[in-house]
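First up is the structure itself, then whatever we jot down about it.
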Amino acid sequence: MNRVGPVMRPLFVATILVGSYLLFLVQPMVARMALPRLGGAPNVWNSAMLVYQSLLLAGYAYAHWLSKAEPRRQAVVHLALLAACALTLPIALAAPAGFAAGWEVLWVPLLLLLTIGPVFFAMSAQAPLMQRWYSLHPQAGEPWALYAASNLGSFAGLMAYPLIAEPLLSLDGQSMAWSAGYLLLIALVVACALARRQQAVTQADTVAAAEDAGSPGWRRIALWIALSAVPSGLMLSTTTHVTTDIFAMPLLWVIPLGLYLLSFVIAFSDRRDLAWAIGLFAPVVMLACGGLSMISHGAGGSLIAIASLALLFSVATTLHSRLYEVKPHAAHLTAFYLAMSAGGALGGLFTALIAPVVFDWVWEHPLLILAAAILMPLPSLLNWHRMDALDPQMARVAAVVFVAVALCLAWLLYTVVSEREPFIHRVFLTAMLCGMGLLLTGWRVLFLGVLVAMMLAQGGADTIETTLKGERSRSYFGVYTVRDYPDAKLRQLVHGTTLHGQQSTDPAHAREPSTYYGRQSGAGLTLASAPALFGNGARVGVVGLGTGTLACYHQPGQHWTVFEIDPKVVRYSRDGTFTYLSRCAPGARIVLGDARIELTKVAPGSFDVLAVDAFSSDAIPLHLITREAVEVYLRSISRDGVVLLHVSNRFVELEPIVAAIARDLGLSAIERMDNPPAENGLTPSSWIALSPRPETLEELAKASPDAPWEALAPPAERAWTDDRASILPYIRWNQLLGTP
């Protein structure tokens, strides 16, 4: 063989690290740019991920096609593509023609595709191409560790966004810094191309190596796709759960994706010890954490979220380690990555597009966990069923006994959970069931049976019952459950695991407000005072319909407009499921669509009171509480009008943010914190009233001396804006972690 130059491994590692860093830094950046237009529902991020996975698949297909050309031609074509895509920089949100409400599943991906499509496509191809170029050197060795480096760069990019880029830079600054990084990447790719410009390995050598390696065959390719699809889908279903009840923000969006990428780093590392250890304990994690995956209501949300993240990391590392073990010869590198990318896109397609349409709940989550249990290696820890001294027939009898014991334990666990007995009982029975499952790892079907029994015992039976009763529905924006309690004459609407409103089924009390909207709440006091403040013809706007409880405060002569983004929620008030709107404000106008966008279309000064109650489970979407959002609200109210913000939140302290916005915009602000007796069907709530006219708030406070309003907490140093916002300083970590 001809003498060749140095391998230059550091150069290729640096190029792959920089490219992957930029590739995954741009994902939350674009999602953050789109937040004011798209809202903060978990499925928005899932749609974004589907777009990214599709572009990644296209990029890998391009890399696979290009890798068949002569190396110098590959360099020319790829650099030309990177240069052409540089013309689309700096990144700015596209502005396609708007789609009607209800078609978010289509226009959200289109918006993201138009915004980031070309440059993301070009960059997604560089990692497999750089590995291919690296492997052309005869002394290069196996290139797979470079894939671990690629995912390490991706992980660093994801973590850098919420921890560094978002707190320190505006969106314009982020876009400019990212563009500079893109130019650096082009320079590195040029250096890699020059390093291989006189490479002695010819295309004929590459073809010969591929033929010697043999075709992987369709069965092996199908396994690659399956081992990629399940972790990808599980990552997105975990994201849906975590962001539904906490906050729609990049910090929480990137945690599941970051763990998913970190699993590749471990699985494709040259050192196998850590991957082996995680795979060894994966069955324990599968049983202990996977058993919680069918809980659809109740307490312990943070614990379940942590368990879900632990399960995701364990499953992804184990399945990706198996993927590494069945990898092909380096000659088939680009085909291998193409199959992996296809699997990732299929997992995203199933979770982001198919599941919300087909399922009434997040059934994709437990289904993907069961699929993972089918695919993951199950090491037989004791090998007791294969002992020479033990007759095979006796081993089968023992297995039947273990299954019977497991079923009894599952029944006891179901009883303990249903009757809400002490938590220690639940922990003990769960540990016993995990032990039974581990004893049955030699029989995958029996192991799966124990896992399913744990799922059913810890909430799955109730989840299935709710589905069979038809009490649950699902839309692009979440999962809704309508529960009737005949003894209490009560009907509730639950979004995710958070109470979204309730109504008495007793006609005598059907008009009585409840939950966060009691007569002593900030909303109740303000709306009851509307005639005194604004006259009998007061104009009221409500952002977020829910069960329609605020309509209880409608009075004759008033003009009400309700803004609601989800057609499913509107249907509940129109089909008689909840009758607040039809009983109390039958003439109210309903505007379907994102309230922030729709409010820009109304005439200035259209409302005297605007109540912003746009829950996304237990979180207000970030794009509805920025300075620009409040400016939209102020434009829509009269000069002496009031904006009411519902800021009740378990996990984020929103009051300092609103105080900072009020300070910057020169607004007067007061807060009503209501802590009513629980037995009255009311819920503690915090409402903030904003007004450009201080006298209006003074009159409001005087109207309710028995329910005092308070001054706001000290303002944050910087108000949230569409361009710059970080919630890290305002997280209630004790609530998030479940500590006192």
May I ask you to verify whether A398 is surrounded by 14 or more Cβ atoms within 10 Å (Cβ to Cβ) and farther than 23 Å from L370 by Cβ?
yes
Among helices (runs of 4 or more DSSP H) entirely within segment 126-221, at least 1 residues that are at pLDDT 85 or above occur in 126-135, 144-160, 171-195
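Condition check ((1) assigned to a helix (DSSP H, G or I); (2) crowded, with 22+ Cβ neighbours inside 10 Å; (3) at pLDDT 95 or above; (4) in contact with a helix residue (DSSP H, G or I) (Cβ under 9 Å, 6 or more places away or on another chain)) across all residues:
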| residue | (1), (2), (3), (4) |
| --- | --- |
| E512 | no, no, no, yes |
| Y517 | no, yes, no, yes |
| Q520 | no, no, no, no |
| V540 | no, yes, yes, yes |
| W560 | no, yes, yes, yes |
Just give me the residues in segment 569-611 being part of a strand (DSSP E or B) and in contact (Cβ under 8 Å) with a residue 40 or more places away in the chain, in sequence order.
I590, L592, F607, D608, V609, L610, A611
Got a sec? Which helices (runs of 4 or more DSSP H) wholly within segment 268-360 have at least 3 residues that are among the aliphatic types (A, V, I, L, M) and surrounded by 22 or more Cβ atoms within 10 Å (Cβ to Cβ)?
273-290, 301-325, 333-349
Exception for T498 within (1) without any contact (Cβ under 8 Å) to a residue 12 or more places away in the chain; (2) out of contact with any strand residue (DSSP E or B) (no Cβ under 6 Å at 6 or more places or on another chain) falls at (1)
Matching residues, segment 131-153, being among the small types (G, A, S) and either over 18 Å from E70 (Cα atoms) or surrounded by fewer than 21 Cβ atoms within 10 Å (Cβ to Cβ) (or both)
A140, G141, A145, A148, A149, S150, G153
Which strands (runs of 3 or more DSSP E) does segment 633-709 wholly contain that include 2 or more residues that are in contact (Cβ under 8 Å) with a residue 40 or more places away in the chain and in contact with a Cys (Cβ under 7 Å, 6 or more places away or on another chain)?
none
With the structure loaded, tell me whether V643 is in contact with a Ser or Thr (Cβ under 8 Å, 6 or more places away or on another chain) and among the aliphatic types (A, V, I, L, M) or whether it fails that test.
yes
Residues R571, R596, R583: which one is under 25 Å from D640 (Cα atoms) and assigned by TED's automatic domain parsing to the domain that holds S704?
R596
Can we say A725 is in contact (Cβ under 8 Å) with a residue 40 or more places away in the chain and either not hydroxyl-bearing (S, T, Y) or not in a loop (DSSP other than H, G, I, E, B) (or both)?
yes
Please tell me if P283 is in contact with a His (Cβ under 7 Å, 6 or more places away or on another chain) and either charged (D, E, K, R) or modelled with pLDDT of 90 or more (or both).
no
If you go through segment 61-83 one residue at a time, do you hit one that is closer than 18 Å to R32 by Cβ and touching a residue at least 40 places away in the same chain (Cβ under 8 Å)?
no
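The values are calculated or read from the model by the stated rules, or taken from the named source; none is laboratory data. Please read these numbers as outputs of a predicted model, since none were measured by experiment. Virtual Cβ from ideal backbone geometry, glycine too; neighbours counted across all protein chains shown.
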